[in-house]
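The structure under discussion appears below in the form of structure tokens.
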Amino acid sequence: MLRCKSCGKEYMSFRVLCECGGLVDYIEERPKLFDSCLDKRFLDVRRYLPLLPIKESFRPSVTLPITPVVERDIADTKVFFKLDYLMPSGSFKDRGTYVTVAKLKEEGIREVTLDSSGNSALSLALFAKSEGLKAHLFIPGYTSKGKKRLLRLLDAEVHEIEGSRMDVHKKAKSFEGGFYVSHWFNPYFLEGTKVVSYEVYEQIGAVDYVLSPVGSGSLFIGLYKGFKELKSSGKLELPVMIAVQAKGFESLTERSQEKTTLAEGIAIPEPPRKGEMKDIINETNGRVVSVGDDEISQALSELISFGFLVEPTSAATYAGFKVLLSEGYFEKKAKILIPLTGSGLKNV
Ligand SMILES: [Zn+2]
């Protein structure tokens, strides 16, 4: 069931916004216990299916893997890199798309519209090709050439818009061609990204800190949701949630004068779920770090030297970690989760 955050109206069918314009949340009518719901026959996303709002008969034919974790000791801390850039379309967005596409199938929706800086468009294009859906994908003109070529390869209907990320969003929202599924609003997208936390819990147990890149917040909120459910199942305490933002595009802290050009994936100055993210930071005693081009390119080159071929937006998270490390923020032996969200191969 979906419920409006503003007026409380409830919906049984798929909506990304309430009639009143408010954001809607997915509400589990009867909360489930983590252990008793795992389908232990599987070592892929099907393992967690009973915890997701997906009916078996509408499960997408693309099956998502559980992504690997690589551990590294860095300056007296234990860093766990979660390699989400190894997802089928090369980014964590496949997690949100997976649940979204299952709901679209359930409701018989065959034509959809999405705006994206590149990665979620690629993700939807891949699933749309696999399921035979028609997808109208709105992307900014500055999206990398590699991503544009991949979109063409996937036969997507691409609408390239000149202007800022917010201009692209406005164009897509007013387009009347298909059902609008922007992950900025879409409550089912968060039901997919929360699976990262389930996997991390089974792979390494509880962590002390979680850093996440924050533009629209679809990963940050999903991670929190997953950890919150694990906490309700008596599995762990909530980690400290740290939002890493791009300088010049901060939504959760004072905006910098400097404008980053390297983190296109999180260059979103006004995300609709901003209030929710502020609440998460307060509840977990977390904080916000902003990083600029110098920090991001330094972090990217270090990640590549570790063997992680990620894109610059993904390196922002590690750059945020380095900033906090230099402040002496982490205690010795702290366990820190850093999801690596997008593949660098798409930018070639
Ligand atoms: Zn409402």
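The values are calculated or read from the model by the stated rules, or taken from the named source; none is laboratory data. Remember, it's a predicted structure, so these values are computed and weren't measured experimentally. Counting neighbours? That spans all protein chains shown, and the Cβs are built from the backbone with ideal geometry, glycine included. In case anyone asks, the SASA skips ligands and DNA or RNA and just uses the protein heavy atoms, side chains included. Shrake-Rupley method; radii C 1.70, N 1.55, O 1.52, S 1.80 Å.
What to note about this one:
- Take every Cα pair under 8 Å whose residues are at least 6 apart in sequence, average their separation, divide by the length of the chain, and the relative contact order is 18 percent.
- Dipole in debye (nearest 20) - the chain, about Cα centre, beta carbon charges: Lys, Arg +1; Asp, Glu -1: 580
- Think of segment 10-136 as having a plus end and a minus end, set by charges on the Cβ of Lys, Arg, Asp and Glu; of GLY118, GLY108, LEU23, GLY108 sits farthest toward the positive end of this dipole.
- Taking the charge dipole of the chain about its Cα centre, with +1 at Lys and Arg Cβ atoms and -1 at Asp and Glu Cβ atoms, the residue from PRO312, MET241, PRO60 reaching farthest to the positive side is PRO60.
- When the Cα gyration tensor is reduced to axis lengths a ≥ b ≥ c, the ratio a/c is 1.5 or higher for segment 269-348, and with a/b not above b/c it is classed as oblate.
- Of THR97, THR77, THR113, the residue with the greatest mean-square motion in the GNM of the chain, using alpha carbon springs below 10 Å, is THR77.
- Karplus-based coupling profile of segment 3-18, in residue order and whole Hz: 9, 6, 6, 8, 10, x, 4, 10, 9, 8, 9, 5, 9, 9, 9, 6, with θ = phi - 60° in 6.51 cos²θ - 1.76 cosθ + 1.60 and x standing for Gly or Pro.
- The string of couplings for segment 45-55 from the Karplus curve (6.51, -1.76, 1.60, θ = phi - 60°) is 4, 5, 4, 9, 3, x, 9, 10, x, 10, 8 Hz, one whole number per residue in order, with x for Gly and Pro.
- Whichever lysines have a C-alpha closer than 21 Å to that of LYS322, once near sequence neighbours (fewer than 8 apart) are set aside: LYS78, LYS82, LYS247, LYS259, LYS332, LYS333, LYS335
- Packing-based ranking, highest mean first, of 134-144, 258-268 given that Cβ atoms within 10 Å are counted: 258-268, 134-144
- With the convex hull of the Cα atoms taken as the outline of segment 114-267, the averaged projected area works out to 10.5 nm².
- Residue with peak Gaussian network fluctuation, the chain [Cα springs, cutoff 10 Å], from TYR224, TYR209, TYR11: TYR11
- Between GLU10 and LYS134, full extension at 0.36 nm per residue minus the direct alpha carbon distance yields a gain of 41.8 nm.
- Packing order of peptides 164-175, 182-193, highest average first: 182-193, 164-175 (average count of other Cβ atoms within 10 Å over each peptide's residues).
- Phi to ³J(HN,Hα) by Karplus 6.51 cos²θ - 1.76 cosθ + 1.60 over segment 38-44, Hz, x for Gly, Pro: 5, 9, 6, 5, 10, 10, 9
- Total formal charge among the other residues, if their Cβ is under 9 angstrom from that of ILE27, Lys/Arg +1 and Asp/Glu -1: -3
- Counting protein heavy atoms only, segment 93-187 has 50 percent of its accessible area on carbon and sulfur, 1.4 angstrom probe.
- Ratio Rg/Rh [Cα only; Rh per Kirkwood] for segment 30-169: 1.03
- In segment 1-73, GluC sites (Glu not before Pro) in a DSSP loop with at most 15 other beta-carbon atoms within 10 Å: GLU19, GLU28, GLU29
- Taken over the Cα atoms of segment 189-348, the convex hull encloses 119 Å³ per residue.
- Neighbour-limited loop hits for trypsin sites (Lys or Arg not before Pro), segment 36-133 (at most 12 other Cβ within 10 Å; DSSP other than H, G, I, E, B): LYS40, ARG41, LYS55
- Cα point-scatterer Debye curve for the chain, base-10 log of I(q)/I(0) at q = 0.07 Å⁻¹: -0.26
- Computed over protein heavy atoms with a 1.4 Å probe, the accessible surface of segment 93-187 works out to 37 Å² per residue.
- DSSP-defined beta bridges in the chain - what % are antiparallel, rounded to 5: 35
- Given charges at Cβ of Lys, Arg, Asp, Glu: segment 130-250 dipole, positive-most of PHE189, SER164, SER218: SER164
- Computed magnitude of the charge dipole of segment 93-187 (debye, nearest 20; Cβ of K, R +1, Cβ of D, E -1): 300
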